[in-house]
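Note sheet for the following structure.
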Amino acid sequence: MFGLTGKQTRQEIAAHELGHAVVAMELGLKPKGVWMLTAPEGEPHGGTAVEASGVEGAAVLAAGAIAGEHWLRTRGLDRHVSRADMTYVAQGDEERIARLGLTPAQEEEARDQAARLLDRAWSRVEAGIDPLVEREHLGQRDLARLGRSGGGLRRAVGFITGR
């Protein structure tokens with residue numbers, strides 16, 4: 001991501017992917033894992049394997065951008081990343097949300113739900129960032145071991161949900 005070091009970029013990607021996984025787990029779903037890789041052009045990417053649909057699926061998808069942006073904000077790095085870069089990072093997730101065929105009210109409900117769940121379980125995201133960056137993969141068992149208490153997302157919620 002432009003404006004960040006390589007390590008910071010990988011940590012933001014880890015927070016993004018763990019956001020998907022943690023919200024899925026908070027909804028009672030079982031993500032198969034999260035991973036990171038470096039593409040041939042040198043840019044790191046990530047992925048989360050989880051099956052979800054409807055409003056729950058949209059909440060899981062929205063959680064990545066919310067978590068990544070919150071991670072940047074809490075470290076004072078959000079001013080180094082352009083809005084265009086943040087939009088680009090979340091573009092695939094946003095396209096998937098659109099394909100779910102939800103109403104605008106349902107999409108808003110999903111984003112609000114994702115923000116609330118991340119607020120409650122933020123420590124789970126934080127607990128997974130360094131292990132994911134280091135190992136490049138966390139499986140279902142690894143994700144289940146992440147801490148269960150959390151908090152600290154409230155500052156990001158208003159920005160993401162527009163409130």
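The values are calculated or read from the model by the stated rules, or taken from the named source; none is laboratory data. Not measured: the values here are computed from a predicted model. Here Cβ is always computed from backbone atoms with ideal geometry, including for glycine, and neighbour counts include all displayed protein chains.
Some values worked out for this structure:
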read-out: Those residues of region 22-43 which are in a strand (DSSP E or B) and either more than 15 Å from residue 131 (Cα to Cα) or polar (S, T, N, Q) (or both), in sequence order; value: 38
read-out: Yes/no for residue 69 being modelled with pLDDT under 95 and closer than 26 Å to residue 141 by Cβ; value: no
read-out: Residue match in region 4-20 (condition: at positive phi and not in a helix (DSSP H, G or I)); value: no
read-out: Residue satisfying condition, being under 16 Å from the mean Cα position of the chain (by Cα), buried (at least 21 other Cβ atoms within 10 Å of the Cβ) and within 18 Å of residue 143 (Cβ to Cβ), within set 64, 47; value: 64
read-out: Tally, over region 102-125, of residues that are touching a Gly at 6+ places or on another chain (Cβ under 9 Å) and either hydroxyl-bearing (Ser, Thr, Tyr) or free of Cβ contacts under 8 Å to residues at least 40 places away in the same chain (or both); value: 2
read-out: Breaking point among (1) at pLDDT below 95; (2) under 17 Å from residue 142 (Cα atoms); (3) in a helix (DSSP H, G or I); (4) not small (Gly, Ala, Ser), for residue 94; value: (2)
read-out: Total residues in region 22-45, condition in contact (Cβ under 8 Å) with a residue 60 or more places away in the chain and either among the hydroxyl-bearing types (Ser, Thr, Tyr) or at negative phi (or both); value: 12
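For every residue, the table says whether it meets (1) modelled with pLDDT under 95; (2) in a helix (DSSP H, G or I); (3) farther than 11 Å from residue 14 by Cα.
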residue	(1), (2), (3)
122	no, yes, yes
128	no, yes, no
141	yes, yes, yes
149	yes, no, yes
152	yes, no, yes
155	yes, yes, yes
158	yes, yes, yes
163	yes, no, yes
